[in-house]
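Written out below as structure tokens is the structure these notes cover.
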Amino acid sequence: MKKTAILFLIPLAGVLAGCGGKEETKYFTLWNECDALTTLKDYVKDVTDKNSKNFIPVKDRIATFDMDGTFVAELYPSYFEYNMLEYRVLDDENYKDKAPADVVETAQEIRDFVRTGKKLPDHFDMKHARAAAKAYAGMTIPEFDAYVKAYASKPANGFSGMTYGQGFYKPMLEVFKYLEANDFTYYVVSGSDRFICRSLVDSIGIEPNRVIGMDVTLMANKQGENEGQNYTMGVDEYLVRTDDLIIKNLKTNKVKQISQEIGKVPVLSFGNSGGDSAMHNYCLSNKTYKSAAFMLVADDNDRDHAMKWGEDEAAFQARIKKLKDDWTAANYHVISMKNDFKTFYGENVQKTPFVFPA
């Protein structure tokens, strides 16, 4: 999937019409009629009806969304934060000669993976997280935000007519709009760096306090070796990122962070991979309210980059079938991007081969 009233403002008449009749269709102009969409609309209609036994008060209408692969493009040719680290360490003239050896090694492993298909080391998500913490250490929050947005303004590798920062699945943005019109509060819960997520979703009006992600320790610029509880920040000071990784927000860590930061069990959950299953299961464990979980499946290799390195059509189809079967067995509602989305990024955006400089 990343301000509250922003570009998702809905005229009052539309809100009051809610999920009934012709008003409903305006929210899903980029979807084909499908089981997942019908399920979502029926669910929302049920839980927002004060006469329904499943009615959920506004204060408890909480939805959580993974980001990469759920409402943001996941492969160009890898995760946005992987691509950005590779660029910073190996190509950024202002930094590449300053990177520690282990950070260079990590960036090169990303480059080898995306260009040649060389397998990433086991538990690479944690290796990347530690390297990224080091690569951006010392940046202020505004400096890091500007850096992310500058990289996001570059043309997206693997697509024409789109920058990295424009790589949102437009049908999923309609889900945000629809939920907001029905008084749901939604949160981005991502494995990517919290501040990267904040920078990316700023353009679609998601407030920073609705974003949960990987975290590093912050400190005041003059704090030195002092612990935060023993140091009083001055009015002339500012926060900087450190190289101290706090948490990689994946799997059950997502559940822990939801509990700590939101303080409520969600009633809706949206994701696209096994890394989101714990979050989905937490949602479906809600003992107070009716809940539902949705899993996007990247099954369209014509309009998007969905096949893995070295995967032929038969292997691709077998993997997609297994994913759909597994998610269905887990009681998740499957969203087929191929069958359910009329467009991904807009009609002016086209998939192209990846391009790697010599």
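Read the figures in this text as sums done on the coordinates, not as results from a lab. Because the structure is predicted, anything quoted here is derived from the model rather than measured. Here the Cβ is made from the backbone with ideal geometry for all residues, glycine too, and neighbour counts use every protein chain on show.
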For residue 350 and residue 251, calculate 0.36 nm times their separation in residues minus their Cα-Cα distance, and state this gained length in nm to one decimal.
-> 32.4 nm
Can you tell me how much longer the chain between residue 232 and residue 220 gets when fully stretched, taken as 0.36 nm per residue apart minus their C-alpha distance, in nm with one decimal?
-> 3.4 nm
Whole-angstrom gap from segment 67-146 to segment 284-358, using each part's C-alpha centre = 24 Å
What's the percent breakdown of Cα-Cα distances in the chain across 10 Å bins, shortest bin first?
-> 5, 23, 33, 24, 11, 3, 0
Contour minus Cα-Cα distance for residue 52 and residue 119 (0.36 nm per residue) | 19.0 nm
Just check segment 112-240 against the gyration tensor rule for me: Cα atoms, a ≥ b ≥ c as the square roots of the eigenvalues, rounded for a/c under 1.5, and otherwise prolate or oblate depending on whether a/b exceeds b/c.
-> oblate
Counting sequence-distant residues (5 or more places) and residues on other chains, those with an amide H built under 5 Å from that of residue 335 are 295, 296, 297
Please go through segment 237-340 and write out the chymotrypsin sites (Phe, Trp or Tyr not before Pro) that DSSP classes as loop and that have at most 14 other C-beta atoms within 10 Å.
-> 238, 309
Using θ = phi - 60° and the Karplus form 6.51 cos²θ - 1.76 cosθ + 1.60, what ³J(HN,Hα) does each residue of segment 253-258 get, whole Hz, x for Gly and Pro?
-> 4, 4, 5, 4, 5, 4
Residue by residue through segment 139-146, which ³J(HN,Hα) values in whole Hz follow from phi under the Karplus form 6.51 cos²θ - 1.76 cosθ + 1.60 (θ = phi - 60°), with glycine and proline marked x?
-> 6, 6, 4, x, 5, 5, 4, 5
Only Lys, Arg (+1) and Asp, Glu (-1) charged, at Cβ; segment 220-358 dipole about Cα centre in debye | 620 debye
The chain, dipole about Cα centre (Lys/Arg Cβ +1, Asp/Glu Cβ -1), debye to the nearest 20 | 760 debye
